[in-house]
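FYI, it's all coordinate maths here, none of it is from the lab. None of these values were measured; they are calculated from a predicted model. Ideal geometry is used to build each Cβ from the backbone, glycine not excepted, and the neighbour counts take in all protein chains shown.
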Amino acid sequence: MALRLYNTMSGGKEPFEPLVPGKVGMYVCGVTVYDYCHIGHARANIVFDVIYRYLKYAGYDVNYVRNYTDVDDKIINRANERGISSKALSEEFIKAFDEDMAALGLERPTHEPKATEYIEQIVALVATLVDKGIAYESGGDVYYAVEKFDNYLKLSKRNMDEMQAGARIAPGEQKRNPMDFALWKAAKPNEPAWESPWGPGRPGWHIECSAMSSSLLGDSFDIHGGGKDLVFPHHENEIAQSEGASGKPFVKYWMHNGFVNINQEKMSKSLGNFFTIRDILEKYDPEVVRFFILSAHYRSPIDFSDKNLEDAKAGLTRFYEMLQAADEIIASNPATKAVCPEIKDEEREIFDRVEMMEEKFAEAMDDDFNTALALGNLFDVVRALNRLLGEKRFDDCPLSLKVLADGVKKLRRLGAVLGFFASDPTDWLEKQKSDALQDGDLSAEQIEGLIAERKQARVDKNFARADEIRDELDEKGVILLDSREGTSWKLK
RNA sequence: GGCCCCGUCGCCAAGUGGUAAGGCAGCGGUCUGCAACACCGUUAUCACCAGUUCGAAUCUGGUCGGGGCCUCCA
């Protein structure tokens with residue numbers, strides 16, 4: 001089954017057929033750089049990171065553009081509050097954004113343009129719209145006349161009359177129609193400004209995306225993405241600008257990710273439940289955050305809560321523990337040419353499961369990037385490989401070893417498409433332990449000391465004392481795991 | 001008020017016409033000196049009502065409940 005994706009424009013899933021076979025042009029709205037990014041930005045960027053990775057995995061040559069909007073009212077206001085230039089402020093938060101995305105393990109897009117580097121193209125685009133009579137100059141501002149564009153509001157499926165009833169003209173604006181929006185704003189004191197045919201000024205919000213996307217992807221391209229909240233007005237206005245200017249269809253597939261709620265409530269600054277990516281990464285491993293986000297479909301709302309993050313951590317730990325066990329077995333069992341005496345039915349089943357892994361993964365991802373289903377399929381593989389590990393037949397059945405090695409390799413390759421399992425399992429698991437110990441009153445040394453004492457007690461067959469130590473540690477959240485190689489520990 | 005979305009096991013979450021994936025938690029086993037891990041088994045008829053259909057969680061209408069957008073927002 002080929003890739004199908006949900007198109008906001010049509011409201012349904014459609015087969016994915018790029019404009020140019022084998023190639024994909026994809027534009028995702030980045031951030032306005034005036035503050036630190038929050039968990040909602042994390043979701044949007046992780047979702048499109050996975051879409052980017054999967055398209056490449058599926059064999060497409062992807063041109064992925066994600067912009068920085070570095071000129072905007074909010075930037076100007078914030079910069080003035082702090083008494084620094086807009087440029088200094090935006091540079092500060094571009095750097096912060098890059099750091100956050102790197103911490104979350106995102107791949108870099110093909111292009112990461114900044115609005116201020118495309119002023120020339122923006123001015124040219126506005127001029128084209130003015131020449132075509134779609135936009136008009138008014139007191140140094142330039143506005144888009146929405147009634148000149150027949151398809152306005154087709155993406156958000158709104159009604160012009162009803163929208164106008166609620167629309168207002170802000171003080172200082174000189175629009176003909178309340179629904180018109182600014183393409184260019186005349187310069188005011190203490191604002192960054194560039195020369196233009198309408199006098200010094202700066203771009204409005206929306207026009208930068210039209211200019212950057214056409215410069216880097218052409219007038220028409222395949223996928224345009226962003227958060228659901230951008231459907232109106234941002235994306236609606238982009239369509240009006242781009243199609244109004246070029247006369248060609250702008251975007252073939254519109255994709256929008258759902259919101260992140262905090263403990264069942266909408267995330268908002270007024271509720272004080274605003275978490276930045278930095279706050280979250282203090283407490284949770286970045287891969288756990290990614291796992292949490294990808295365990296739901298990208299269009300569904302997700303609820304950010306401690307419980308949900310703990311669940312995600314438990315799930316990811318299950319993968320890493322299996323990988324760790326498998327790595328140890330593979331490292332300690334050199335491949336031989338011996339032939340298995342016989343293959344059990346259960347083993348046959350496991351082998352099939354590994355065999356089917358890629359197909360099942362693609363099936364899930366092809367269905368509008370269903371990462372939740374894809375992860376569920378990978379969990380099935382974990383159970384299968386754990387069974388194989390439990391059989392302990394690696395001495396007399398090299399085929400089992402081969403299947404295990406093959407399974408682990410495939411699991412890592414597919415995991416990488418979702419951005420998982422890049423760490424060494426032992427390193428990752430150790431890091432979770434040491435991070436968790438930070439909050440407790442027990443050190444690793446103390447735990448090791450008690451383990452040594454218990455080991456002696458067990459040698460002495462003093463099981464009462466051995467159990468006492470186990471219980472004592474258990475109360476503090478430390479679980480002991482005895483094995484042939486000795487005793488290790490983990491945290492609840 | 002307009003437009004849109006959602007309501008699946010204790011929790012999270014797939015599933016858009018053919019008799020409910022997966023994870024976490026729970027319970028019963030195997031393993032273990034005891035445990036843990038792992039494995040095996042076990043736990044739902046899909047908010048409610050009425051329709052369409054041979055057949056619906058999946059389609060239609062209605063009821064109740066929750067949420068989003070309409071102003072800056074991923």
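Distance distribution note for the range A:18-283: the fraction of Cα pairs above 31 angstrom is 27%. Between helix A:398-418 and chain A there is an angle of about 20 degrees, using the helix long axis and the longest principal axis of the Cα atoms.
Around the amide H of A:D180, modelled in the peptide plane, lie the amide H atoms of A:V146, all under 5 Å away and 5 or more residues distant in sequence or on another chain. For chain A, the longest principal axis of the C-alpha atoms and the axis of helix A:207-217 are separated by about 60°. For the peptides A:65-72, A:124-131, A:483-490, A:447-454, residues were scored by their other Cβ atoms within 10 Å and the scores averaged per peptide; the highest-first order is A:65-72, A:124-131, A:447-454, A:483-490. Per-residue packing, averaged as other Cβ atoms within 10 Å, sorts the ranges A:254-261, A:339-346, A:403-410 into the order A:254-261, A:403-410, A:339-346, beginning with the highest. Residue-normalised convex hull volume from the C-alpha trace of chain A: 179 Å³ per residue. With the convex hull drawn around the C-alpha atoms of the range A:268-335, the volume per residue stands at 109 Å³. Taking amide H as placed 1.01 Å from N in the peptide plane, A:G30 has its amide H under 5 Å from the amide H of A:N67, each at least 5 places away in sequence or on another chain. Every helix of 4 or more DSSP H residues in chain A counts as -39500 (n - 2.57), and over all residues that averages to -16000 deg cm²/dmol at 222 nm. Listed as lacking a disulfide-compatible partner in chain A: A:C29, A:C37, A:C209, by the criterion of no other cysteine Cβ under 4.7 Å.
Relative to the dominant Cα principal axis of chain A, helix A:371-391 is inclined by about 10°. Counting only Cα atoms, the range A:440-491 measures 31, 22, 15 Å along its principal axes, largest extent leading.
Computed over the alpha carbons of the range A:306-423, Rg followed by Dmax gives 14.9, 50 Å.
Shown in residue order for the range A:483-490 are the 3J(HN,Hα) couplings computed by the Karplus curve 6.51 cos²θ - 1.76 cosθ + 1.60 at θ = phi - 60°: 8, 4, 7, x, 10, 10, 9, 8 Hz (x for Gly and Pro). Residue by residue, the range A:177-182 carries 3J(HN,Hα) couplings of 10, x, 7, 4, 10, 7 Hz when phi is fed to the Karplus relation 6.51 cos²θ - 1.76 cosθ + 1.60 (θ = phi - 60°); x denotes Gly or Pro.
Hey, what did the range A:14-89 get for relative contact order, percent, Cα under 8 Å, at least 6 apart? The value is 41 percent. In percent, rounded to a whole number, the relative contact order of the range A:18-283 is 24, using alpha-carbon pairs under 8 Å and six or more apart.
Cβ crowding within 10 Å ranks A:E81, A:E173, A:E358 as A:E81, A:E358, A:E173, fewest other Cβ atoms first.
For A:M9, the residues whose modelled amide H falls within less than 5 Å of its own, excluding neighbours fewer than 5 places apart on the same chain, are A:W254.
The stretch between A:E485 and A:R458 holds 8.3 nm of extra length on full extension. This uses 0.36 nm per residue minus the Cα-Cα distance. Taking 0.36 nm per residue of separation and subtracting the current Cα-Cα distance, fully stretching the chain between A:E475 and A:K154 would add 109.5 nm.
In order along the range A:27-38, the Karplus-derived 3J(HN,Hα) couplings, from 6.51 cos²θ - 1.76 cosθ + 1.60 at θ = phi - 60°, round to 10, 10, 5, x, 10, 8, 8, 10, 7, 6, 7, 10 Hz, and Gly and Pro are given as x. Students often get this wrong, so check it: of A:K148/A:K248; A:K344/A:K402; A:K23/A:K409, which have C-alpha atoms separated by over 18 Å? In this structure, A:K23/A:K409 exceed 18 Å between Cα atoms. If you average the sequence gap of Cα pairs under 8 Å that are 6 or more apart and divide by the length of chain A, what percent do you get for the contact order? With pairs under 8 Å counted, the relative contact order is 15 percent. For the listed residue pairs A:K132/A:K252; A:K74/A:K154; A:K87/A:K307, the alpha carbons are over 30 angstrom apart in A:K87/A:K307.
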